[in-house]
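The values are calculated or read from the model by the stated rules, or taken from the named source; none is laboratory data. Since this is a predicted model, take the numbers as computed values, not measurements. Cβ atoms come from the backbone with ideal geometry, glycine included; neighbour counts cover every protein chain shown. Ligands, DNA and RNA are excluded from the accessible area calculation, which covers all protein heavy atoms including side chains. Shrake-Rupley method; radii C 1.70, N 1.55, O 1.52, S 1.80 Å.
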Amino acid sequence: MNTQLELALNEPAALPPPEAYDRTVIAFSGGKDSLACVLWAIKAGCPNIELWHHDIDGREGSNLMDWPVTRSYCKAVADALELPIYFSWLEGGFEREMLREEQRKAPTWFEIPDGLQSTGGQSGKLGTRRKFPQVSGNLAVRWCSAYLKIDVCAIAITNQERFNHSKTLILSGERAEESPQRAKYEAFEPDRTDNRDGRSRRYVDRYRPIHHWCTAEVWSLIEEFCINPHPAYQLGWGRLSCMSCIFGSANQWASIRKIAPAHFERIAQYEERFNTTIQRTMSVRQLAERGTPYPEANNPELVALALNDKYEQPVIVSEWKPPAGAYGESNGPN
Ligand code: SF4
């Protein structure tokens, strides 16, 4: 089957013509779905592709939540595909926001084509959190997704002149199969940063090219490009989110306790300090007791790969095979 026809068969009705845009921004977490978006964009001939990765832990020294290797893996993938990548983050990341006590929101930082920019000082009202985000589809209480990803992306767009008087297509990898909430997302809609009729004439659409895809279709595209998946999949995780994602299953908490006991202990101690557990009915200690570590958590080489802040495997492999977690538990943001 030729590529164009194959792509057409995989499209929902509302496919925008990619050539109508000046650039394509792809929200790239390093996970399989956002990677599939990148590969889809390459096949579809999207113009001026740039990858955007939001650092959950920020760049100020915290490493509470994310896989240590994620940032380096994202950069390695971008380099292998010869695409630019820009990182952005809320200063202090997840941990600073969680520990807010009568403080304002920290500045947001974002890389731009010729450097680094920030929103300046702290902003908003004085506020106190001192607890983990709630495990909920409601982003008002699941503040990590809103504050550390969605807002960071929007701020980076609205604060760069280069997006004004031009057309931008944002691609993101939410899929209907992931949750009833995500099934309701539109495949194509104006982005929240769109201002096409305003003074800035900032025209921004959002497209979810794999919204209707099943997991097998995602892996199939990754196999076609022979891309080595993020080490978390190789360790048995079925979905790439933060290593200590609040949606973690019992098996995932048991796996984290096994491969990164000091890291696990910090999370557990925060739950005790706040007197509020991440999941309503059980602490991470109780969850870990109930779970069973993934078998690959016994593989020291894989563990070292995931916990290293430098990605040390090839991005493009000669022999591709599905990782252990390809169809495993897919707990993660919904
Ligand atoms: S991956 Fe999980 S913990 Fe991380 S920002 Fe998303 S919902 Fe929050």
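Structure above, values below:
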read-out: Some residue of region 299-315 being without any contact (Cβ under 8 Å) to a residue 60 or more places away in the chain, part of a loop (DSSP other than H, G, I, E, B), surrounded by fewer than 17 Cβ atoms within 10 Å (Cβ to Cβ) and within 21 Å of the chain's Cα centre (by Cα); value: yes
read-out: Which numbered condition Pro17 misses (of (1) modelled with pLDDT of 95 or more; (2) open to solvent by 10 Å² or more (accessible area, probe 1.4 Å); (3) not aliphatic (A, V, I, L, M)); value: (1)
read-out: Complete set of residues in region 252-267 that are away from the ligand (no atom under 16 Å from the Cβ) and either in contact with a Gly (Cβ under 8 Å, 6 or more places away or on another chain) or not charged (D, E, K, R) (or both); value: Ala254, Ile259, Pro261, Ala262
read-out: Single residue of region 246-262 satisfying the filter (open to solvent by 20 Å² or more (accessible area, probe 1.4 Å) and out of contact with any helix residue (DSSP H, G or I) (no Cβ under 8 Å at 6 or more places or on another chain)) that is farthest from Glu312 (Cα to Cα); value: Phe247
read-out: Exclusive hit being out of contact with any helix residue (DSSP H, G or I) (no Cβ under 9 Å at 6 or more places or on another chain) and without any contact (Cβ under 8 Å) to a residue 60 or more places away in the chain, set Arg199, Arg192; value: Arg199
read-out: Tally of residues being closer than 16 Å to Pro323 by Cβ and of a type in the set (Phe, Trp, Tyr) across region 265-307; value: 1
read-out: Residue in region 135-153 that is most open to solvent (accessible area, probe 1.4 Å), counting only those that are near the ligand (Cβ under 9 Å from one of its atoms) and under 15 Å from Gln181 (Cα atoms); value: Val135
read-out: Tally, over region 68-85, of residues that are buried (at least 19 other Cβ atoms within 10 Å of the Cβ) and hydroxyl-bearing (Ser, Thr, Tyr); value: 2
read-out: Given (1) more than 16 Å from the ligand (Cβ to nearest atom); (2) more than 18 Å from the chain's Cα centre (by Cα); (3) crowded, with 18+ Cβ neighbours inside 10 Å; (4) aliphatic (A, V, I, L, M), number of the condition Ala156 does not satisfy; value: (2)
read-out: Residues of region 106-134 satisfying the condition of being within 16 Å of the ligand (Cβ to nearest atom), at pLDDT below 95 and part of a strand (DSSP E or B); value: none
read-out: Breaking point among (1) open to solvent by 10 Å² or more (accessible area, probe 1.4 Å); (2) in contact with a Cys (Cβ under 6 Å, 6 or more places away or on another chain), for Met65; value: (1)
read-out: Residue check, Asp114 crowded, with 16+ Cβ neighbours inside 10 Å, over 24 Å from Ile267 (Cβ atoms), free of Cβ contacts under 8 Å to residues at least 24 places away in the same chain and not basic (Lys, Arg); value: no
